[in-house]
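Enquirer: Before I ask anything, let me first share the structure, which is written out below as structure tokens.
The values are calculated or read from the model by the stated rules, or taken from the named source; none is laboratory data. None of the values given here were measured: they were computed from a predicted structure. No Cβ is skipped: glycine too gets one built from the backbone with ideal geometry, and neighbour counts run over all protein chains shown.
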Amino acid sequence: MGKERTAVRLSISGIVQGVGFRPFIYQLAAARGITGTVANTPSGVSIVAEGERAALDAFTADITAKKPPLSEITEITAEPERPSGFSGFTIIKSGGESARSTLISPDVSICDDCLAELFDPNDRRYGYPFINCTNCGPRYTIIDDIPYDRPKTSMKHFGMCDLCLAEYEDPSNRRFHAQPNACPECGPQVSLHDAKGKGMDCADPVTRTADLLKEGHIVAVKGLGGFHLAVDGGNEAAVKRLRERKLREEKPFAVMVKDLAEARTLARISEEEAALLTSFRRPIVLLEGRDDAGVAEAVSPKNRYLGIMLPYTPLHALIMAAGPRVLVMTSGNRSDEPIAIENHGGFADLAEIADYFLVHDRDIYLRSDDSIMRVTAGERRFIRRSRGYVPVPVFLSGDAGQVLGCGGEQKSTVCMTKGNKAFLSQHIGDLKNLSTHDFFKLTVDHMKRILHIEPEVVAHDLHPDYLSTRYAMEQEGVRRVGVQHHHAHIVSCMAENRIEGPVIGLSFDGTGYGTDGTIWGGEVLIASAEKFTRAAHMGRLAMPGGGAAVKEPWRMGISALYDAYGADLFDLPLPFLRSVEESKARFMTAMVDKKLNAPMTSSLGRLFDAVCAVAGVRNRVYFEGQGAMELEMAAEGTVDRLYDYRWELAGEGEALALPPSPIIKGVVEDILNRVPLSEISMRFHATLARMFTGLVKELSEKNTLDRVVLSGGVFQNSIFLTEMIRELSLCGLSVYTHKIVPANDGGLSLGQALVASAVVRKS
Ligand code: ZN
Ligand code: ZN
Ligand code: FE
């Protein structure tokens, strides 16, 4: 007894292809004396294992316990098999059948083994910028179709040399079936070009690039998901030159440093932040910068936070080993355009910006910007979810069918669902010009192909002029569903937390099209996936000049003061009013009076802008959310008292409104009493949190709901998010926040898709 051999068939789904899973199984089987087979299937990996009962159990347990670092197992099922007396364990080659429900791995940063070889003078890949193995390297950006095999990737142009092929075919080798496997003899090469794109004769383009950077030149570097513009982050003049050429006034640049120790010299880094920085997904992490860290002021002007990332490709590691200590690495694009990916496209697009180009001859099939994250309220949260995370799906609580969510306009992404998975695209950008629109369409087509999804339902924003809405309108033979912006925000957060409605949703952002045609953005909803009611909203303020008021918070400042004080505002001895020409200010109030180009908005983002201006933080912003961000950064200390607040019924049959005037008056009084900005900002944040919590508590009792969902770009504000979570939790409410997709419009497409899915199912 016990020596009898039994057999079992294991079916594993998840990210189990292209991540070294079969060789891992092979080695596990060899170690346990198991015989049988392992093969890729359309849904994952299938194993037939024969051995003694105890060995089989240990083998099965090892699979989940020791799985390869890049794999993700979502399901593992076991069925008994009749033993057929295998003499050994074999890896069955992929057949021609499509593996279309298999998950594709995101691009993965260079692993420690490859890094060691890269810097080992005796290794045959010493200094080779494209070294990789099954545990690391490009994936999503080089795949054109599935199954994930070399002929379906941009590596198809490179035939493997004998040595590489031997590694590729050896199950005990780290490069067994590593599709991008390459070496200096047979793989892609880098080359250096001048500003006109003309090839430069140099023996070692990488070292030469490092030297050029140290001399202060701007070099466009073709990487994994597109071009970066690189410049010495310690060189003030060089960084300023990049800003001028890129037409980017104040939006912070991200920097790269060679390792965690170096990063700690630039910023204060918690354990959680360190884990995130060094994870194989390698996002840009927003960190609190240190003074006198040797970073040029122009990298992140007037901003306490610094976006830092560590090298994630072998090329980065080589440049950082020889180049400047701090390297600005910003997306290689002109402002508002998608990141450049092709060599000749890069030369053309970046000709006026870069002094030199370091390019390579491996195509990028799908561009992908760096992901950006920040640890707030103790959790990792996305500001931008892209390279390293896409296309890992969001696992849903139920089957959503095949739906496409087209997203909004800013920070656009698309989302496709299939079964219980929702696939969010990489960051596409602000959908405001033709080239971004083309990238949007390309992404949709690409995702349909590699995920094998043919959407039956297309979800879109209610804003008729968004390019994403127009795209949806052009789709034929599908069911189209319009989804309200703030509803989509709440449902995106419900989806990633796998909760069903109804919930109380706080949907706070800058701008979104309301069901009444006005601009919303401070919305308290009672929502489930298929429908919502607007229970309350921030009291409305006029936006004199419409879109101009977004770029110029002083307009919101005047509008808010006018709302609170009427024409008496001009008697207030506020420094803010001295910073604005009175004729201009009076022009604003006239626009409000005449309702001329002064749309009303319940946006909380605009209220932050108003306070930002009135409190003297800034009158003009250069990127979305800058005002609110600086107001947040100014906050300090504890709060002893709050501003007045209230909520009231706006009118018969209407939602409750929370007028901004009591808060604005409180801020003004504080300013007149010379209360420091740090205190005003803290009190403003705390007042909003207490006010909304009070309102939610009332709604929760009235509707017997105890779950509160927080979504929208305003929740990227760490102080506000922390305060809201604390206040709501103190009331015994369950609070749900974003951890898998961004709270901003980058997560909108997920919510849209799930609303549409629910609407279609209910009808
Ligand atoms: Zn590796
Ligand atoms: Zn080779
Ligand atoms: Fe939004």
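Enquirer: In the list 277, 315, which residue meets the criterion of being buried (at least 21 other Cβ atoms within 10 Å of the Cβ), part of a helix (DSSP H, G or I) and either on the phi > 0 side of the Ramachandran plot or over 20 Å from the mean Cα position of the chain (by Cα) (or both)? Step through it out loud before you land on a result.
Expert: On the way: 277 fails: either on the phi > 0 side of the Ramachandran plot or over 20 Å from the mean Cα position of the chain (by Cα) (or both).
Selected residue: 315, the only one of 277, 315 that is buried (at least 21 other Cβ atoms within 10 Å of the Cβ), part of a helix (DSSP H, G or I) and either on the phi > 0 side of the Ramachandran plot or over 20 Å from the mean Cα position of the chain (by Cα) (or both).
Enquirer: Applying the selection to the stretch 197-230, what residues are out of contact with any Asp or Glu (no Cβ under 6 Å at 6 or more places or on another chain), surrounded by 20 or more Cβ atoms within 10 Å (Cβ to Cβ) and under 14 Å from residue 350 (Cα atoms)?
Expert: If the condition is that a residue be out of contact with any Asp or Glu (no Cβ under 6 Å at 6 or more places or on another chain), surrounded by 20 or more Cβ atoms within 10 Å (Cβ to Cβ) and under 14 Å from residue 350 (Cα atoms), then 219, 220, 221, 222, 226, 227, 228, 229, 230 are the ones that fit.
Enquirer: For the stretch 493-506, check the following and say yes or no: at least one residue is without any contact (Cβ under 8 Å) to a residue 12 or more places away in the chain and over 19 Å from residue 404 (Cα atoms). Walk me through how you get there before you give the answer.
Expert: Taking the stretch 493-506 as the starting set, the residues that turn out to be without any contact (Cβ under 8 Å) to a residue 12 or more places away in the chain are none.
No.
Enquirer: I'm told residue 270 meets every condition in (1) surrounded by fewer than 15 Cβ atoms within 10 Å (Cβ to Cβ); (2) closer than 26 Å to residue 621 by Cβ; (3) of a type in the set (S, T, N, Q) except one. Can you identify the failing condition by its number?
Expert: Here residue 270 meets the rest and fails (2).
Residues checked against (1) modelled with pLDDT of 95 or more; (2) among the aromatic types (Phe, Trp, Tyr); (3) more than 28 Å from residue 126 (Cα to Cα):
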site	(1), (2), (3)
267	yes, no, yes
284	yes, no, no
294	no, no, yes
305	no, yes, yes
316	yes, no, no
319	yes, no, no
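Listed here are the residues, each with its yes/no results for (1) modelled with pLDDT of 90 or more; (2) under 30 Å from residue 138 (Cα atoms).
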| site | (1), (2) |
| --- | --- |
| 5 | no, no |
| 8 | yes, no |
| 15 | no, yes |
| 19 | no, yes |
| 26 | yes, yes |
| 32 | yes, no |
| 60 | yes, yes |
| 81 | yes, no |
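Enquirer: With respect to residue 259, is the statement that it is under 26 Å from the mean Cα position of the chain (by Cα), surrounded by fewer than 23 Cβ atoms within 10 Å (Cβ to Cβ) and not polar (S, T, N, Q) true?
Expert: yes
Enquirer: If residue 397 satisfies all but one of (1) touching a strand residue (DSSP E or B) at 6+ places or on another chain (Cβ under 7 Å); (2) in a loop (DSSP other than H, G, I, E, B); (3) among the small types (Gly, Ala, Ser), what's the number of the condition it fails?
Expert: (1)
Enquirer: Of the numbered conditions (1) surrounded by fewer than 22 Cβ atoms within 10 Å (Cβ to Cβ); (2) under 29 Å from residue 459 (Cβ atoms); (3) among the aliphatic types (A, V, I, L, M), residue 377 satisfies every one except a single condition; which is it?
Expert: Failed condition: (2).
Enquirer: Just wondering, is there one or more residues in the stretch 424-439 that are away from ligand 3 (no atom under 15 Å from the Cβ), closer than 10 Å to residue 750 by Cβ and of a type in the set (Gly, Ala, Ser)?
Expert: Within the stretch 424-439 (the criterion being away from ligand 3 (no atom under 15 Å from the Cβ), closer than 10 Å to residue 750 by Cβ and of a type in the set (Gly, Ala, Ser)), the answer is no, since none of the residues qualifies.
Enquirer: Kindly provide the set of residues from the stretch 623-651 that are of a type in the set (D, E, K, R), out of contact with any Leu (no Cβ under 8 Å at 6 or more places or on another chain) and free of Cβ contacts under 8 Å to residues at least 60 places away in the same chain, ordered by number.
Expert: Of the stretch 623-651, the ones of a type in the set (D, E, K, R) are 624, 630, 632, 636, 640-641, 644, 646, 648.
If we keep only those that are out of contact with any Leu (no Cβ under 8 Å at 6 or more places or on another chain) too, we end up with 624, 630, 632, 636, 640-641, 644.
Within the stretch 623-651, 636, 640, 641, 644 qualify.
Enquirer: Among residues belonging to the stretch 147-186 that are assigned to a helix (DSSP H, G or I) and either within 16 Å of ligand 3 (Cβ to nearest atom) or basic (Lys, Arg) (or both), point out the one that is surrounded by the fewest Cβ atoms within 10 Å (Cβ to Cβ).
Expert: That would be 156.
Enquirer: Would you point out the residue of the stretch 123-146, among those that are in contact (Cβ under 8 Å) with a residue 40 or more places away in the chain and surrounded by fewer than 20 Cβ atoms within 10 Å (Cβ to Cβ), that is nearest to ligand 2 (Cβ to nearest atom)?
Expert: That would be 124.
Enquirer: Okay, next question. Kindly indicate the residue of the stretch 695-735 that is farther than 30 Å from residue 409 by Cα and in contact with a Ser or Thr (Cβ under 7 Å, 6 or more places away or on another chain) and also nearest to ligand 1 (Cβ to nearest atom) among those meeting that condition.
Expert: Quick first cut of the stretch 695-735, residues farther than 30 Å from residue 409 by Cα only: 695, 697-706, 726-734.
With in contact with a Ser or Thr (Cβ under 7 Å, 6 or more places away or on another chain) added as a condition, the list becomes 706, 727-728, 731, 733.
Working: 706: 48, 727: 46, 728: 44, 731: 49, 733: 46 Å.
It comes out as 728.
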